[in-house]
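The values are calculated or read from the model by the stated rules, or taken from the named source; none is laboratory data. As the structure is a prediction and not an experimental result, all values here were calculated from the model. Using ideal geometry, Cβ is built from the backbone for each residue, glycine included, and neighbour counts are taken over all protein chains shown.
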Amino acid sequence: MDHVETIRREGTALVEAAEAAGLDTPVAACPGWDVRRLLQHTAKVHQRTEAVVRTGADSPPPSSEFPRFDDDYRLFAQFRAALDALCLTLEAADPEGRSWNFTSGSGTNAFWPRRMAHETTVHRIDAQRTAGQDADPVPSDQAADGIDELVTVMLPMMVGLKKPDWNGSIHLHCTDQAGEWTLRLEEGALAVSRDHEKGDLAVRGPAAGMFLWAWNRADPADVGLECFGDTALLEAWTQLVP
């Protein structure tokens, strides 16, 4: 998949839905946030990522380097400008060029298009639902890539930060797209494989539905997923993933 094109498409849909919803509308998926906060958050992430890649930064740039986003209608144009700048910078960047990221410190630019594609997709879904729209379906290949990024890149970091106190194994299996993962959490250590293995809990179904569930944007049954085994781990998952 073309991650930069995904960022552009998803970001455009996000801001259009935000305009339809209005800045003061609460975002149910992000308790305490309204559309204003959702847009400011996503624009800030885009803005700082663009700066990291463009400058080849080896550490996160301080917030003092960036102007604050507005609280009124001007925010929509500011979001679009940050989105455009991010896409242009990522398109021009050498994927093997060095730049900081929050999982490994010194990594390569290739980390960022994928991360921004899935970050923007999740919040596009939030914005469309907040506007009272049916969220556009996530293409199955994009969804499977997003699940892979979540379980192999983001979850190890989340485990390190949250230090969950449960032990168990979860097997995820996409039925309409190549994609299987087994996660084993034991004594605070997470092991992830892309193999077909038995888990204490198995979650099986279409990639798009699994992407929504995995990011805590849907209940399993509502998006066509089947769950077998220790379903108490479903609640543990919701506490681990933001």
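Scanning the range 192-231 for residues that are at pLDDT 95 or above, over 22 Å from S140 (Cα atoms) and surrounded by fewer than 15 Cβ atoms within 10 Å (Cβ to Cβ) yields a count of 2.
Tell me whether the range 107-124 contains one or more residues that are surrounded by 17 or more Cβ atoms within 10 Å (Cβ to Cβ) and aromatic (F, W, Y). So far as the range 107-124 goes, yes, one or more of its residues are surrounded by 17 or more Cβ atoms within 10 Å (Cβ to Cβ) and aromatic (F, W, Y).
Are any residues in the range 86-98 part of a helix (DSSP H, G or I) and crowded, with 16+ Cβ neighbours inside 10 Å, and if so, which ones?
As a first pass, look at the range 86-98 and keep what is part of a helix (DSSP H, G or I): 86-92.
Listed by number, the residues that qualify are L86, C87, T89, L90.
Scanning the range 27-59 for residues that are charged (D, E, K, R) and not in a helix (DSSP H, G or I) turns up D34, D58.
Taken together, D24, D71 contain a single residue that is outside any helix (DSSP H, G or I), modelled with pLDDT of 95 or more, touching a Leu at 6+ places or on another chain (Cβ under 8 Å) and surrounded by fewer than 20 Cβ atoms within 10 Å (Cβ to Cβ), which is D71.
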